[in-house]
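Step one of this worksheet: look at the structure below.
The values are calculated or read from the model by the stated rules, or taken from the named source; none is laboratory data. Note that the structure is a prediction, hence the values are computed from the model and not measured. Here the Cβ is made from the backbone with ideal geometry for all residues, glycine too, and neighbour counts use every protein chain on show. Heads up: the accessible areas ignore ligands, DNA and RNA and are worked out on the full protein's heavy atoms, side chains in. Shrake-Rupley method; radii C 1.70, N 1.55, O 1.52, S 1.80 Å.
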Amino acid sequence: MNTAASATPASSASGTNVANAVIGQTGATKASPVYVKTTQDGRDVAIINGWVCLAGQPETDALVVLDEHPNRQAILKACPKATHMAGRLPMTMSEASVAQAALRRHQDTFDGSAIAVSERLRQAVWQKAFAEGVE
């Protein structure tokens, strides 16, 4: 199973903010990482503060069921046991189950700090804009 792509996460200003949020520097409560799997090249995939992280770097904050993925045929050819995608990381049913449980557990916690409220508002605005066709 090919679990690592050749691309690396972009390091932009917004990427830095995401990385800071993942490691708990924004005032949010720092949760312990939840191990999901190790890729073929030896990097750990874990859930850290609501983000699926590869080697400690954020990849995504949501899982996509493979049936809904636009490139599912190529993914299944490369990783026949994949049932979900987390960014560029294919996951089996058991790995996706662990990841989804950790993501839901993080979403169940409520952080009332100004930074957390601002982040939730930013995500809601982006989801609304995306639903209306903005890409």
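Restricting region 46-69 to residues that are closer than 21 Å to T109 by Cβ, part of a strand (DSSP E or B) and hydrophobic (A, V, I, L, M, F, W, C), the residue that is most open to solvent (accessible area, probe 1.4 Å) is W51.
When region 96-135 is filtered for residues that are more than 14 Å from G50 (Cβ to Cβ), open to solvent by less than 80 Å² (accessible area, probe 1.4 Å) and not hydroxyl-bearing (S, T, Y), the ones remaining, listed by number, are A96, V98, G112, V117, A124, A129, G133, V134.
Residues that are outside any helix (DSSP H, G or I), of a type in the set (S, T, N, Q) and over 25 Å from V134 (Cβ atoms) within region 70-124 comprise T83, T92, T109, S113, listed in sequence order. Can you find a residue that is small (G, A, S) and open to solvent by less than 40 Å² (accessible area, probe 1.4 Å) anywhere in region 71-84? Yes, because at least one residue in region 71-84 is small (G, A, S) and open to solvent by less than 40 Å² (accessible area, probe 1.4 Å). Take M93 and tell me if it is at pLDDT 90 or above and open to solvent by 100 Å² or more (accessible area, probe 1.4 Å). Taking the combined requirement at face value, the residue satisfies it.
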